[in-house]
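Notes to accompany the following structure.
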Amino acid sequence: MMNVLWAGMIILACITACMTGRTAELSAAVTEGTEQAVTLCLALTGVMGLWSGVMELMQKSGICEKLTALLCPILRPLFPRASKDKETMEGVAANVTANLMGMSNAATPIGLRAIERMYGLYGKKGTPDEVLIFVVLNTTSIQLIPTTVAAVRASLGAAQPFDIMPAVWGASVCSVAVGLTAARLFARFSAGGETREENP
């Protein structure tokens, strides 16, 4: 889907540039954009490499396992059925832990494995509510260390790239609260609609 969206935007930009006679500006923007993309990737590589190493040390030292053990009791009310399967809950907790550390790149494959386990528990038909809640939790995610954002700020010359941490904590807590509340409400409305259809 993302490939289609990006391709559509590129095609639309080319058509618009041709229709308005601004192909020179389009060519300049493409050149400048590619240069900035390479510069940003190089800047992010160093910071992401550092925090990936920190995450690896945390895993080897057992800190991640301890965080996972601490998170499981908090997560069980959100995933009552998935909590009955140890591997699934370990995947969910590991995903949340990676997001807490700002390692969204590491959180994604862990989250996908957890979702596969959930579908194994629920079956392949439809999308279970707990899967949707997990997707919301992963997307909103509370971040203790906003690694990626700090790396972008550092690449743009910020003197103190991590001084946004209090704002990130507040915003992420609010986003998680709103996202989970909305997911719960929509799940209830959906369940109510299905009940009415089954019992006219």
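Quick notes on this one:
- Here the extension length gained between ALA187 and THR108 equals 26.1 nm, from 0.36 nm per residue of separation less the Cα-Cα distance.
- Look at where the Cα atoms of the stretch 145-167 and of the stretch 74-92 average out, and the two centres are 33 Å apart.
- Directionally averaged projected area (convex hull, Cα atoms, the stretch 112-167), nm²: 5.2 nm²
- Cβ-Cβ distance of ILE15 and VAL152, R₀ of 22 Å, FRET efficiency by 1/(1 + (r/R0)^6): the value works out to about 0.10.
Read-outs throughout are calculated quantities, based only on the coordinates presented, and are distinct from any laboratory measurement. These figures come from a predicted structure and were not determined experimentally. In this analysis, Cβ positions are derived from the backbone assuming ideal geometry, glycine residues included, and neighbour counts consider all displayed protein chains.
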